[in-house]
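Let me begin by presenting the structure, written as structure tokens, before commenting on it.
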């Protein structure tokens, strides 16, 4: 059995940091042997999750911490993103309706659906001191 290889990135909650996050995730996914399509899926999922944290958990307040941990074991890449913002309850998530989209009432809200479609497993955990989203992609 292969041991877990871990890589960590700590950044401040800011959209200016998203490029650094994408490069970090894509580089490690590539080194782990994922193909370009999977690298794109993983990177987009992490980007969406971090954008949601910046926008919703931290309400655009810059300087708040986001901690990204990548773990690679056997044929799986596990991504854990930790924040200290407002908790997210996946049970309360409602997919925007097509009618709202067409009427221009809602232009966002598909990030969570996208993450769930692109990754093999997605879990949300609300702890006392922080929130976690854990995503797994199989190679």
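Computed from the coordinates by the stated procedures, all read-outs in this text should not be read as laboratory data. Values in this document were obtained by computation on a predicted structure and should not be read as measured data. Cβ sites come from the backbone with ideal geometry, for glycine too, and all protein chains shown count toward neighbours.
Annotations for the structure displayed:
- Ranking of 59, 94 by count of other Cβ atoms within 10 Å, fewest first: 94, 59
- Estimated inter-spin distance, residue 5 and residue 121, nm [label 7 Å along Cα→Cβ]: 2.0 nm
- Contact order normalised by residue count of the chain, Cα under 8 Å, 6+ apart, percent: 28 percent
- Sorted by Cβ density within 10 Å, fewest first, the residues 80, 15, 43: 15, 80, 43
- Note on residue 15 and residue 37: their simple-model spin labels are 3.1 nm apart, each label 7 Å out from Cα toward Cβ.
- The chain: calculated mean residue ellipticity at 222 nm from DSSP helix runs of at least 4, using -39500 (n - 2.57): -9500 deg cm²/dmol
- Available extension along the chain between residue 110 and residue 56 is 18.1 nm, counting 0.36 nm per residue and deducting the alpha carbon span.
- Fully extending the segment from residue 73 to residue 89, taken as 0.36 nm per residue of separation minus the present Cα-Cα distance, adds 2.9 nm.
- Counting beta carbons within 10 Å around each of 56, 28 and listing the fewest first gives the order 56, 28.
- For region 7-35, the residues whose backbone nitrogen is under 12 Å from a point 7 Å from the Cα of residue 139, taken along Cα to Cβ, are 28-35.
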